[in-house]
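**Q** Shown below is the structure under consideration.
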Amino acid sequence: MTLDQSTIRQLAERLENAELNRQPVTKITDDYPEMDWDDAYSIQYEIRRRKEERGGKIAGLKMGLTSQAKMRQMGVSEPVYGFLTASGSYADGAEIDSAAFIHPRVEAEVAVMTRTELAGPGCNIGRVLPAMDFVTAALEIIDSRYENFRFDLKSVIADNTSAAGFVSGSVMREADALDLPTLGVVMEKNGEVVETGAGAAVLGHPANSVAVLANMLAARGEVIPAGTFIMTGGITAAVAVDKGDTINVRFQDLGKVSFRMG
Ligand code: OOG
Ligand code: MG
């Protein structure tokens, strides 16, 4: 840790206000170039604490920057994790108000519900597969609180990995009924195919992303509790969504998930 508690609190407030007022800010490493990974996650946890203190509910966890497509798009090289809020949860087919965001983008993801606790260090895919209750398709809406969606890893961790909302699919399948690495995904925007991919894009296997999450949490003395909803990270690059756009994503064996930005 290089930042003191009051600076952590102040940066969390700055980032949360940017979210609540839809006013982007400059990335925080510009002001605190010496901040470390621990500081970055501490700011994220402080944002989470603020939301929970006001009665906000946590809907799950997310991994981000788990595919080459995403890392290349954002110019970073390591996965990160964040949290999902219940207030950002939308039903399949929803009309989502564009006024809730600064510059939203959508990602196609495989989501997992855990049945048993998962703990690192040393968690691996062999532990994760039997711990998966079900798998479902999901879309994440990300919305960086930084100007022009420009950040580095520490800044994006502090900003809860750009999390802003998610749409979960309505088809649930047991993990062993699916071959997640070859599961194909086709993203359409206004009826045109804009991205395609397969589950293997996510660290070789979406379940591997869950293992990495367990190992990252272990560094903070935490586990993935049983019954946690986890978004495993964008399979393809994220796609900008403007008011009036319709997004429809077809997932092999998991149906389609869609929404309209109104
Ligand atoms: C960071 C969040 C990335 C994913 O699935 O890769 C993410 C960002 O790109 O703004 O959620
Ligand atoms: Mg994501």
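**Q** I'd like to know if the stretch 219-229 contains one or more residues that are within 16 Å of the chain's Cα centre (by Cα), modelled with pLDDT of 95 or more and more than 14 Å from ligand 2 (Cβ to nearest atom). Let's see the steps before the verdict.
**A** Narrowing the stretch 219-229 to residues within 16 Å of the chain's Cα centre (by Cα): 224, 228-229.
Next cut, modelled with pLDDT of 95 or more only: 224, 228-229.
Still in the list and also more than 14 Å from ligand 2 (Cβ to nearest atom): 224, 228.
Yes; the residues of the stretch 219-229 include at least one that is within 16 Å of the chain's Cα centre (by Cα), modelled with pLDDT of 95 or more and more than 14 Å from ligand 2 (Cβ to nearest atom).
**Q** Moving on to the next point. Say whether the condition of being of a type in the set (A, V, I, L, M, F, W, C) and in contact with an Asp or Glu (Cβ under 6 Å, 6 or more places away or on another chain) is met by at least one residue in the stretch 64-85.
**A** First pass over the stretch 64-85, keeping only residues of a type in the set (A, V, I, L, M, F, W, C): 65, 69, 71, 74, 76, 80, 83-84.
This time we only want the ones that are in contact with an Asp or Glu (Cβ under 6 Å, 6 or more places away or on another chain), so: none.
No, the stretch 64-85 contains no residue that is of a type in the set (A, V, I, L, M, F, W, C) and in contact with an Asp or Glu (Cβ under 6 Å, 6 or more places away or on another chain).
**Q** Let me ask you something else. Which count do you get for residues in the stretch 87-105 that are in contact with an Asp or Glu (Cβ under 8 Å, 6 or more places away or on another chain) and either farther than 20 Å from residue 23 by Cβ or assigned to a loop (DSSP other than H, G, I, E, B) (or both)?
**A** The number of residues fulfilling the criteria is 4.
**Q** Looking at residue 73, is it surrounded by fewer than 16 Cβ atoms within 10 Å (Cβ to Cβ) and within 16 Å of ligand 2 (Cβ to nearest atom)?
**A** When the stated conditions are applied, residue 73 does not pass them.
**Q** Let me ask something else about it. Taking the stretch 188-211 on its own, how many of its residues are within 16 Å of ligand 1 (Cβ to nearest atom) and in contact (Cβ under 8 Å) with a residue 60 or more places away in the chain?
**A** So the answer is 12.
**Q** Looking at 58, 43, which one is surrounded by 19 or more Cβ atoms within 10 Å (Cβ to Cβ) and of a type in the set (A, V, I, L, M)?
**A** It is 43.
**Q** Does residue 114 fit the bill of being more than 17 Å from the chain's Cα centre (by Cα), among the β-branched types (Val, Ile, Thr) and either closer than 25 Å to residue 242 by Cβ or away from ligand 2 (no atom under 16 Å from the Cβ) (or both)?
**A** Numbers: more than 17 Å from the chain's Cα centre (by Cα): no; among the β-branched types (Val, Ile, Thr): yes; either closer than 25 Å to residue 242 by Cβ or away from ligand 2 (no atom under 16 Å from the Cβ) (or both): yes.
Against the criterion (more than 17 Å from the chain's Cα centre (by Cα), among the β-branched types (Val, Ile, Thr) and either closer than 25 Å to residue 242 by Cβ or away from ligand 2 (no atom under 16 Å from the Cβ) (or both)), residue 114 does not qualify.
**Q** Could you list, ordered by first residue, the pairs with Cβ atoms under 9 Å in which the first is in the stretch 212-226 and within 17 Å of residue 126 (Cβ to Cβ) and the second is among the hydroxyl-bearing types (Ser, Thr, Tyr), at least 6 apart or interchain?
**A** From residues that are within 17 Å of residue 126 (Cβ to Cβ), the pairs are 212/66; 212/81; 213/81; 213/232; 224/114.
**Q** Shifting gears a bit: Please pick out the residue among 74, 63 that is within 11 Å of ligand 1 (Cβ to nearest atom) and more than 16 Å from residue 231 (Cβ to Cβ).
**A** 74
**Q** If you check residue 163 against the conditions, is it surrounded by 15 or more Cβ atoms within 10 Å (Cβ to Cβ) and within 16 Å of ligand 1 (Cβ to nearest atom)?
**A** When the stated conditions are applied, residue 163 passes them.
**Q** Tell me which of these residue 47 doesn't satisfy, since it passes every other one: (1) more than 16 Å from ligand 2 (Cβ to nearest atom); (2) free of Cβ contacts under 8 Å to residues at least 60 places away in the same chain.
**A** Failed condition: (2).
The values are calculated or read from the model by the stated rules, or taken from the named source; none is laboratory data. In this text, all values refer to a predicted model and were calculated from it rather than measured experimentally. Counting neighbours? That spans all protein chains shown, and the Cβs are built from the backbone with ideal geometry, glycine included.
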